[in-house]
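K.L.:
Encoded as structure tokens, here's the structure I'll be asking about.
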């Protein structure tokens, strides 16, 4: 079974991906935060950096797009294939962000199954046209949730996915209404897993993998998964994928070195102290669940008002805290 590093807007930058792959490894694929399509079929500087192979050396990157236009999606898939050489592109039908949903994108698609059906059908048609024109079409995978309001919606969503088969579907077994809270619905996931696999579609599990044992439990129940996708768990414990594959948990010194490399990268890239501190403190909020027994150290780190003060506090916090098993 493979392990994928989930895309997280503002967090899983090329800088973090490179350093994670170099320091810890264990992930078979890294997914970029989504590229939002537009009529000009163009990418902004951040998106261009995200898919730049030089910025992603040493890892396998899967670019992700988000859209409500079948034509635009097909054109971006063509662009990512022909100009940038990608052989897989992921379609985001799961993002729960309010600004995304209000545009009928991401999990906003799940609120209107007929629109989702039309979008995926239209995308198939557009890609078939490109193929007839001699364009090499990369594999298309999809990331989704089990519904918008209620978990029972997964039945209709599964029917639509089977009607327009991607090569692989990643399922986060929560509704959009749940956002990232509440319990994952493994019964709904089980139905989608069985139905999609019976249609020849690979399935990836995403949600609440925080410890190696969590992955083991999921794999025991769903032994034919293609992969598990992990986001927050890898931001908290960057050695998690390595541990799942039988490797060691990060030591305090290894963790501190990793965080310092990211900090130094932001210093070089951003250069503005307040922005650097904001990025690092955001990352530290994700890493907090991996540590305990040093609340004062965490507060000191969060109150640091210079980069070098932050560096000292961060190293002390990691050194003097206990790590969750």
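Just so it is clear, none of the values below were taken in a lab; they were calculated from the coordinates. Treat the numbers as computed from the prediction; the structure is a model and nothing was measured. Note that each Cβ is placed from the backbone with ideal geometry, even for glycine, and that neighbours are counted across all protein chains shown.
K.L.:
Give region 36-45 a look and list any residue that's without any contact (Cβ under 8 Å) to a residue 60 or more places away in the chain and surrounded by 13 or more Cβ atoms within 10 Å (Cβ to Cβ), or say none.
P.N.:
Listed by number, the residues that qualify are 37, 38, 41, 43.
K.L.:
May I pose another question? Within region 143-181, can you find the residues that are crowded, with 23+ Cβ neighbours inside 10 Å and within 20 Å of residue 98 (Cα to Cα)?
P.N.:
143, 144, 145, 146, 147, 171, 172, 173, 174, 175, 176
K.L.:
Testing residue 85 on (1) in contact (Cβ under 8 Å) with a residue 24 or more places away in the chain; (2) over 24 Å from the mean Cα position of the chain (by Cα); (3) surrounded by fewer than 19 Cβ atoms within 10 Å (Cβ to Cβ), one condition comes back false. Which one is that?
P.N.:
(2)
K.L.:
Then there is this: Identify the single condition in (1) surrounded by fewer than 18 Cβ atoms within 10 Å (Cβ to Cβ); (2) under 17 Å from the mean Cα position of the chain (by Cα); (3) under 20 Å from residue 52 (Cβ atoms) that residue 63 does not satisfy, given that it satisfies every other one.
P.N.:
(1)
K.L.:
So, one more: Could you tell me how many of the residues in region 200-218 are in a helix (DSSP H, G or I) and under 22 Å from residue 93 (Cα atoms)?
P.N.:
Number of matching residues: 0.
K.L.:
Residues of region 282-300 being closer than 25 Å to residue 6 by Cβ and assigned to a helix (DSSP H, G or I), which ones?
P.N.:
Just the residues of region 282-300 that are closer than 25 Å to residue 6 by Cβ, to begin with: 282-292, 298.
Answer for region 282-300, where residues must be closer than 25 Å to residue 6 by Cβ and assigned to a helix (DSSP H, G or I): 282, 283, 284, 285, 286, 287, 288, 289, 290, 298.
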